[in-house]
Amino acid sequence: MRSYQCLHINEFSEGSYSLVSIRDEDKYAILKWRNEQIDILRQQAPLTQEQQDLYFKTTVASLFEQEQPGQLLWSFLENGKLIGYGGLVHIDWINKTGEISFLTETSRNQSKDQFISDWSTYLSILKRIAKDHLHFASIHTYAYDIRPNLYIALENSGFTETKRIKGFIEINKELKDVVIHTWYCSGLDMRFAEATDADLYFNWANDALVRQNSFQTAEIDYPTHINWFTGKLKSDDCFFYLFLNEENIPAGQVRIDRSNGEIVIGISIDAAFRGKGLGVEMLNRATENYFQKFPDAAIIAYIKEENTASLHQFTKAGFSRTENVSISGHSSYKFKKTNNERH
């Protein structure tokens, strides 16, 4: 069995299913399934045996020679028998993300229960690889909106729809959407803040680094905070996104607030969770949720020039710098993110 240099394990199992490094002996079965299911793939024409031979001899073989290959491919087995194949493709090793690829034997797609079972188990194994072995930030699917059973498997596996491209492709003379579902490997849960979170937000607001990066650096007194927080909770224009880890410990928050004709975003991360790369995920998940409610919104961030950590964070989360501004005497940058720019 061939080994990927970035992994110390070559076989991953769950129940009767297993993933093994992609095998040359499976190439013609994969060729047959790809040609039979060409409508759901980004494949322009049927593949030939010559093309498949060349692909396995060059592209696939080279994956095992690279420390950080652009894709990782596996054969998918049930009780030792090949039933499909898949992997992580379009891997971004800098941002630690990858797109999920998966295809099973054509006949298995006819049964809803079989389809969901295959996909759910495959996703469960892949999530474990991405989180525990590759230490990725997220993995996602890119699929044409013609397989409703796929969305059941994805949502049952903890994936959420993060982008929909309307009428992107024509299939059988009908325009179909492209739908992207994402799973974040951190294990963070997201919920809306409640009145009982007032003290938590008060402590975060007065954190020394938060005050330093704020445009108003003075410490906030408790009655002022309570009045502000209570009012914002009641407002239809303000959304408090609170993030908690797997032990239900609050890790940070994102606020998106429509004020003075703009939709402004802010973020703070608990001191115990800084330096773990969670800020980009929090920003992405909060903006994804907001865009689902308000798809035409433009979300604005104002960041001090010297706050390099936030500048990097917002850029990685898909925000674009639009102009230089001065706020309360501080040289700053204005960033913007729209629905078309989200990841």
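Quick notes on this one:
- Rounded FRET efficiency, nearest 0.05, which uses the C-beta distance separating residue 189 from residue 16 and R0 of 22 Å: 0.10
- The fraction of all Cα pairs in region 37-103 landing in successive 5 Å bins from 0 to the largest distance is 4, 14, 18, 26, 23, 12, 4, 0, given as whole percents.
- Taking all Cα pairs closer than 8 Å and separated by 6 or more residues, the relative contact order of region 11-184 comes to 18 percent.
- Calculated SAXS-style log₁₀ I(q)/I(0) at q = 0.06, 0.09, 0.11, 0.14 Å⁻¹ - the chain, Debye, Cα scatterers: -0.27, -0.58, -0.82, -1.15
- Taken about its Cα centre, the chain carries a charge dipole of roughly 480 debye when the Cβ of each Lys and Arg holds +1 and the Cβ of each Asp and Glu holds -1.
- Region 1-42-region 258-275 distance, computed between alpha-carbon centres (Å): 42
- Of the residues 226, 17, 93, the one whose Cα sits farthest toward the positive end of the charge dipole of the chain, with +1 on the Cβ of Lys and Arg and -1 on the Cβ of Asp and Glu, is 93.
- Length released on extending from residue 45 to residue 264, taking residue separation times 0.36 nm less the Cα-Cα span: 74.2 nm
- Tilt relative to the chain, helix 27-36 - C-alpha long axis, 0 to 90 degrees, to 10: 70
- Using a simple spin-label model with pseudo-atoms 7 Å out from Cα toward Cβ, residue 111 and residue 155 lie 2.4 nm apart.
- Residue among 320, 284, 154 farthest towards the positive dipole end of the chain, charges placed on Cβ: 320
- DSSP beta bridges fully contained in region 11-184 are about 95 percent antiparallel.
- Scoring 168-175, 297-304, 89-96, 12-19 by mean Cβ neighbours within 10 Å over their residues and listing the highest first yields 297-304, 12-19, 89-96, 168-175.
- For region 104-185, convex hull of alpha carbons as volume per residue, Å³: 95
- Placing +1 on each Lys and Arg Cβ and -1 on each Asp and Glu Cβ, with no other charges, gives region 1-52 a dipole about its Cα centre of roughly 120 debye.
- Excluding same-chain neighbours fewer than eight residues apart, the aspartates and glutamates reachable from residue 234 by a Cα-Cα span under 19 Å are 194, 197, 199, 257, 262.
- For a straight C-alpha distance cut-off of 29 angstrom, the lysines reachable from residue 27 (same-chain residues fewer than eight places away being disregarded) are 57, 81, 96, 112, 127, 131.
- Dipole magnitude of region 40-106 about its Cα centre (Cβ charges: Lys, Arg +1; Asp, Glu -1), debye to nearest 20: 80
- On Cα atoms only, tilt of 112-128 relative to the major axis of the chain in degrees: 60
- Integer Hz, Karplus 6.51/-1.76/1.60 couplings in order for region 198-209, x for Gly and Pro: 4, 5, 4, 5, 5, 5, 5, 4, 9, 4, 4, 5
- Computed E for residue 327/residue 196 - FRET, C-beta separation, R0 41 angstrom, nearest 0.05: 0.80
- Values of log10 I(q)/I(0) for region 189-341 across q = 0.10, 0.15, 0.16 Å⁻¹ run -0.33, -0.80, -0.92, by the Debye formula with one identical scatterer at each alpha carbon and no solvent.
Each value in this text was obtained by applying a stated rule to the coordinates, not by laboratory testing. Keep in mind that this is a model prediction, so the values were computed, not measured. Virtual Cβ from ideal backbone geometry, glycine too; neighbours counted across all protein chains shown.
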